[in-house]
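Since the structure comes first, as structure tokens, the remarks are kept for the end.
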Amino acid sequence: MIDEQLTNIFKALGHPIRRQILDFLKDGPRTTGELNDCFQDVTRFAVMKHLNLLEEASLILIRREGRTRLNFINVVPLQQMYDRWVSKYQASDATSILKLKQVAERRNEQMEQALKHDTFQIEQEVMIEADRQTVFTSLTKDINQWWAYRLFGQDSILTLEPKVGGSFLEDAGNGEGAIWGTVTYVKAYEEIRLNGLLGMRGAVNSAYSFKLEEKGNSTLLKLSHTAAGLLDPNWKDMHSHGWEELLGSFLKNFVEFGKLPEERQS
């Protein structure tokens, strides 16, 4: 993470209204009008200025549906900032303490919310210092190198066929394996869409896509993941964090530095 980006993030987080906006968005996307209604004592112009600063820091993403502007939280920069200063072992200690606190505080809340989580939508963006063809090739042909999540252990092999009907497959050998997704649309070096449960179970429909946009010598990778059905309340947070790690850390480091995730290192 470059210092200019880091400065923009700290600046964006420095105002309580901007932090409140992120608190609202962590529960799901909101239109600009809905966010404006959350701040009765703040003008719409002021709210827009706050949103612009958050967008400049890449902490929110904008998607337009007709004349409606939808605002999504983008937690990838926060994950990258976290990775910069927190070691793997410090993170483990801190996580253990936080989990004890969260279990006590969230047990009742999760039971109350369980019936309300029937859909989720995750939008994330990652800037990768490489051309679009290189990123697309890494997403598909080289996915076994950087995709560290496995159902059958680190010796299994992942493949992704970038063609309509192609499989994103984990092959564990001996006839064992799993399909992580099926390709429904592909445009070479620009976009690929898949349907797949990605660890979810039961009556669930799940689809995710990767769009690649050229930004000078870099590539902006846009992830969109939607799911609907009988969803566990934890699945949205689990997948949001998983995408942050896979794309904002593992893929980015693989493309830019040739670095493999620790789980994939021999």
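Normalised per residue, the accessible area of the chain is 57 Å², obtained with a 1.4 Å probe and no contribution from ligands, DNA or RNA.
Values of log10 I(q)/I(0) for the chain across q = 0.10, 0.12 Å⁻¹ run -0.57, -0.83, by the Debye formula with one identical scatterer at each alpha carbon and no solvent. Taking only protein heavy atoms and a 1.4 Å probe, the accessible area of the stretch 144-236 is 48% carbon and sulfur. The label point for ASN195 and the one for PHE39, both projected 7 Å from the Cα toward the Cβ, are 4.2 nm apart.
Relative to the Cα centre, the charge distribution of the stretch 1-67, modelled as +1 at Lys and Arg Cβ and -1 at Asp and Glu Cβ, gives a dipole magnitude of about 140 debye. In terms of Cα atoms, the Rg and Dmax of the stretch 127-210 work out to 13.2, 39 Å. Select from THR182, LEU231, PHE45 the residue farthest towards the positive end of the dipole of the chain; place +1 on Cβ of Lys and Arg, -1 on Cβ of Asp and Glu, and compute about the Cα centre. Sorting the options by dipole projection puts first PHE45. One decimal place: the segment MET238-THR119 gains 41.4 nm when fully extended, by the rule 0.36 nm per residue minus the C-alpha distance. In the chain, the DSSP-assigned H stretches of four residues or longer account for a calculated mean residue ellipticity at 222 nm of -12000 deg cm²/dmol, using -39500 (n - 2.57) per stretch and the full residue count as denominator. Here's the picture: charge each Lys and Arg Cβ at +1 and each Asp and Glu Cβ at -1 in the stretch 161-266, and of GLY196, PHE257, LEU169 the one pushed furthest to the positive end of that dipole is GLY196. Using only alpha carbons, the stretch 133-266 has a radius of gyration to Kirkwood radius ratio (Rg to Rh) of 0.95. Temperature 37 °C, viscosity 0.692 mPa s: under these conditions the Stokes-Einstein estimate for the stretch 29-89, based on its Kirkwood radius over C-alpha pairs, is 252 µm² per second.
Between ALA203 and LYS259, the contour length at 0.36 nm per residue exceeds the Cα-Cα span by 16.4 nm.
Which Cα, out of ALA148, VAL76, THR119, lies furthest along the positive dipole direction of the chain (beta carbon charges, K/R +1, D/E -1)? Checked the options; the winner is THR119.
The values are calculated or read from the model by the stated rules, or taken from the named source; none is laboratory data. As the structure is a prediction and not an experimental result, all values here were calculated from the model. When we count neighbours, we look across all protein chains shown, and the Cβ atoms used for this are built from the backbone with ideal geometry, even at glycine. We work out accessible area using only protein heavy atoms, side chains counted, and drop any ligands, DNA or RNA first. Shrake-Rupley method; radii C 1.70, N 1.55, O 1.52, S 1.80 Å.
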